[in-house]
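The values are calculated or read from the model by the stated rules, or taken from the named source; none is laboratory data. Note that this is a predicted model, so its numbers are computed, not measured. For neighbour counting, all protein chains shown are included, and Cβ atoms are generated from backbone atoms with ideal geometry for every residue, glycine included.
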Amino acid sequence: MQAWGRPPVWRTLKGGTAIPLARFVLGWSLFFAACAYGAEAPKAGGFLLKEGDLLAFCGDSITAGGLYPRYVEAYLRACAPVPGLRIMNVGRSGEQARHFPPLMDGLLAAKPTVATICYGMNSSRSAKVLGEGSAQTEASALRAIVEKLKAAGCTRIVVASPGCVDSTHFALAQSKPADPAAAEATNKNLALMGTAAEMVAREHQLIYCDIHHPMMDAMAKAKAKHGTAFAFAGGPGDGVHPGGAGHLVMAWALLKALGCDGAIGTIALDLKTGKAEAGAGHAVLSAAAGQIDLESTRYPFCFLGKPEDAKSPRSVSDLIAFNAELNRLILKVSGAAGKRFTVTWGAATAEFDGAALEQGVNLAEAFPENPFCAPFGKLLFSMEERATCERALRMDHKGSAAMQARLDKALAGLVPAPVKHTIKVAEAGK
């Protein structure tokens with residue numbers, strides 16, 4: 001993660017739509033200010049990123065922790081790769097939006113071309129619902145950040161709402177017990193801050209990304225599925241910093257805001273001829289008798305970990321539309337109608353109706369365990385290693401050749417390796 005007052009860390013990558021007008025009105029002054037700039041913030045129109053961009057993540061400790069930025073980076077490395085894209089995480093623990101403008105010189109010197117802004121958590125925690133003045137203060141701080149970025153030439157900006165706090169585990173201080181009433185008030189405050197962020201996005205004709213409401217919806221579904229103790233947005237003594245479950249929802253919202261279309265690829269098999277074709281990022285090595293051997297340089301996003309663990313993105317992957325909207329690796333089989341078939345991909349097998357195969361099935365959704373999971377896990381591990389080594393070289397291990405060698409190994413692991421895999425399609429019962 002980036003530490004202010006130190007040289008920026010540049011990370012090179014080789015080779016959602018806007019949300020409707022907020023669901024409540026802050027007060028007449030904010031309402032009329034919003035109306036002056038149109039009914040809603042601009043919608044994501046096409047992919048926001050270009051070759052050679054420098055994408056900066058700006059935010060508080062939830063950003064600095066690096067998990068949702070890591071998921072976004074993994075997606076942009078492996079699933080929708082952007083040649084020459086560089087990434088900076090300039091999140092800072094404890095930060096509010098008003099703290100950031102005086103500290104932006106290091107970021108601006110790096111000349112970012114795209115930025116995401118996600119603040120509000122540290123100005124929302126309270127046992128009472130905040131008023132319009134708090135939202136106006138937040139809007140002013142966000143406006144200052146946007147104006148400094150634009151003045152430095154960064155005009156592609158996503159202004160995001162903050163997320164949510166955990167309805168079960170949130171406490172106003174680590175030494176205090178969980179306080180559901182304070183959680184309710186704080187979540188209302190976070191929605192208020194989201195409205196302020198949306199207003200600033202409208203003012204400057206930028207993309208607004210609603211993270212708060214998707215997280216609230218996913219949290220309710222996750223607690224209904226896994227139990228109220230499920231730590232969607234942080235566990236006991238915290239209730240603020242989410243694990244993989246909450247960060248996946250944040251990444252989902254931001255990737256859509258960046259304009260990712262979710263098309264990972266299409267693989268087509270003709271049962272009559274035995275021939276197969278594949279789209280960009282996937283090469284057919286051989287095809288015969290319902291078996292397709294492929295080599296892919298474009299990965300589906302993989303949800304790793306235990307399906308019941310809040311630290312794992314897999315625990316909520318079926319509760320949000322990540323696969324449908326961002327993770328479509330489609331298998332189409334012609335000549336399959338009227339029968340049932342088994343599809344084996346790697347070590348897993350699933351059964352499908354032939355009509356569904358004719359229309360196309362999403363392998364990424366149907367096979368959470370697939371041949372890409374291990375290399376995707378290595379990619380995420382390399383990102384974690386990079387952050388660990390960079391931090392060590394800045395602090396306790398300055399000039400350490402051993403730590404530098406460890407960092408070099410981690411950086412080498414950031415280049416997704418081509419994956420060879422096999423798909424087998426056979427009539428069920430034969």
Which residues, counting only those in the stretch 333-365, are in contact with a helix residue (DSSP H, G or I) (Cβ under 7 Å, 6 or more places away or on another chain) and either over 20 Å from Gly429 (Cα atoms) or part of a helix (DSSP H, G or I) (or both)? Asn362, Ala364, Glu365
Taking the stretch 99-113, which residues are under 22 Å from Pro69 (Cβ atoms) and surrounded by fewer than 23 Cβ atoms within 10 Å (Cβ to Cβ)? His99, Pro101, Leu103, Met104, Asp105, Gly106, Leu108, Ala109, Ala110, Lys111, Thr113
Looking at Val129, Val158, can you tell me which residue is surrounded by 21 or more Cβ atoms within 10 Å (Cβ to Cβ) and not in a helix (DSSP H, G or I)? Val158
When you scan the stretch 71-98, how many residues do you find that are part of a helix (DSSP H, G or I), surrounded by 21 or more Cβ atoms within 10 Å (Cβ to Cβ) and of a type in the set (D, E, K, R)? 2
Out of Ala185, Ala197, I need the residue that is at negative phi and over 19 Å from the mean Cα position of the chain (by Cα). Which one? Ala185
Scan the stretch 253-273 and tell me whether some residue there is at pLDDT below 95, surrounded by fewer than 16 Cβ atoms within 10 Å (Cβ to Cβ) and either among the charged types (D, E, K, R) or closer than 19 Å to Leu363 by Cα (or both). yes
Could you list, in sequence order, all residues of the stretch 180-203 that are in contact with a helix residue (DSSP H, G or I) (Cβ under 9 Å, 6 or more places away or on another chain) and surrounded by fewer than 19 Cβ atoms within 10 Å (Cβ to Cβ)? none
Can you tell me which residue in the stretch 223-248 is surrounded by the most Cβ atoms within 10 Å (Cβ to Cβ), limited to those that are under 18 Å from the mean Cα position of the chain (by Cα) and among the aliphatic types (A, V, I, L, M)? Ala233
Within the stretch 322-330, identify whether any single residue is farther than 17 Å from Thr266 by Cα, within 26 Å of the chain's Cα centre (by Cα) and either part of a loop (DSSP other than H, G, I, E, B) or in the same structural domain as Leu363 (by TED's automatic domain parsing) (or both), and answer yes or no. yes
Looking at (1) more than 18 Å from the chain's Cα centre (by Cα); (2) under 30 Å from Asp166 (Cα atoms); (3) of a type in the set (A, V, I, L, M, F, W, C), which one does Ile292 not meet, given that it meets all the others? (2)
Could you list all residues from the stretch 206-222 that are crowded, with 22+ Cβ neighbours inside 10 Å and acidic (Asp, Glu)? Asp210
Within the bounds of the stretch 113-131, is there any residue that is out of contact with any Asp or Glu (no Cβ under 7 Å at 6 or more places or on another chain), farther than 30 Å from Gly235 by Cβ and aliphatic (A, V, I, L, M)? yes
